[in-house]
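Student: The following block contains the structure, expressed as structure tokens.
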Amino acid sequence: MATVALPEDVYTRIDRVIAAKGSDRDSLIEVLHGVQEEIGYLPQPVQEYVADRLGLPVGTVEGVVTFYSFFTTVPRGRHLIKVCQGTACYVRGGKRVLEAVSKAAGCGVGETSPDMRFSLDVVRCVGACGLSPVMTVNEDIYERVKPTKVAEILDRYQ
Ligand code: FES
């Protein structure tokens with residue numbers, strides 16, 4: 001799993017987000033969204049800082065970050081790959097697509113490649129079952145994906 005040092009100005013940037021979203025307890029989710037947009041993820045020191053600024057126990061912030069799947073505590077790559085593992089995709093080769101993606105991207109599910117190029121997640125049906133197996137890269141959807149074509153697809157994302 002890749003880890004990166006926090007930017008030097010991280011706390012100034014968090015302060016800016018809090019100034020925009022509010023520093024009361026009810027603003028927690030909005031603040032966490034803003035901070036994740038600003039620095040990409042929510043590592044432990046950042047959660048502690050937000051808790052301090054909003055006057056909340058660290059455990060409350062950790063609980064919210066853990067509960068909502070859109071929050072991440074690990075750095076994300078420049079491109080987010082999602083491979084569908086819903087039933088239709090799975091029976092039409094989705095597992096082999098996932099293996100090929102993991103190999104080509106250089107990271108497992110829930111991880112980021114060491115070069116910060118890709119993060120990999122799985123999803124359970126993206127509503128394109130008739131065109132399975134399906135994967136997405138950022139906003140782009142790829143249908144009827146063949147494992148042999150995966151490396152070629154990922155080459156488009158540097
Ligand atoms: S199961 Fe993959 S798109 Fe529906």
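Student: With N residues in the chain, what two-decimal value do you get for its Cα radius of gyration over 2.2 N^0.38 Å?
Tutor: In units of the globular-protein estimate, the chain measures up at 1.19.
Student: Taking θ = phi - 60°, what integer Hz values does the Karplus form 6.51 cos²θ - 1.76 cosθ + 1.60 yield along the stretch 36-49, in sequence order, with x for Gly and Pro?
Tutor: Per-residue couplings from phi come out as 5, 4, 6, 10, x, 6, 10, x, 3, x, 5, 4, 5, 5 Hz.
Student: For Phe118, Phe67, which order do you get if you count the other beta carbons within 10 Å of each Cβ and list the fewest first?
Tutor: Listed from fewest to most nearby Cβ atoms, that is Phe67, Phe118.
Student: Rounded, prolate or oblate for the stretch 1-66? Axes are the square roots of the Cα gyration tensor eigenvalues, ordered a ≥ b ≥ c, and the cut-off for rounded is a/c under 1.5.
Tutor: Here the stretch 1-66 falls in the oblate category.
Student: Under a Cβ-only charge scheme (Lys and Arg +1, Asp and Glu -1), can you give me the dipole magnitude of the chain about the Cα centre, in debye to the nearest 20?
Tutor: In debye, rounded to 20, the chain gives about 900.
Student: No partner Cβ under 4.7 angstrom, meaning no disulfide-compatible partner by this rule: which Cys of the chain qualify?
Tutor: Here Cys107, Cys125, Cys129 come out as lacking a disulfide-compatible partner, given the Cβ-Cβ threshold of under 4.7 Å.
Student: Report D for the stretch 79-154 in µm² per second (integer): Stokes-Einstein, Kirkwood Rh on Cα pairs, 20 °C, 1.002 mPa s.
Tutor: In µm²/s, the coefficient is 181.
None of the figures in this text is laboratory data; all of them are computed from the coordinates on show. What you see is a predicted model, and the numbers here were worked out from it, not measured in a lab. Every residue, glycine among them, receives a Cβ derived from its backbone with ideal geometry; neighbour counts consider all protein chains shown.
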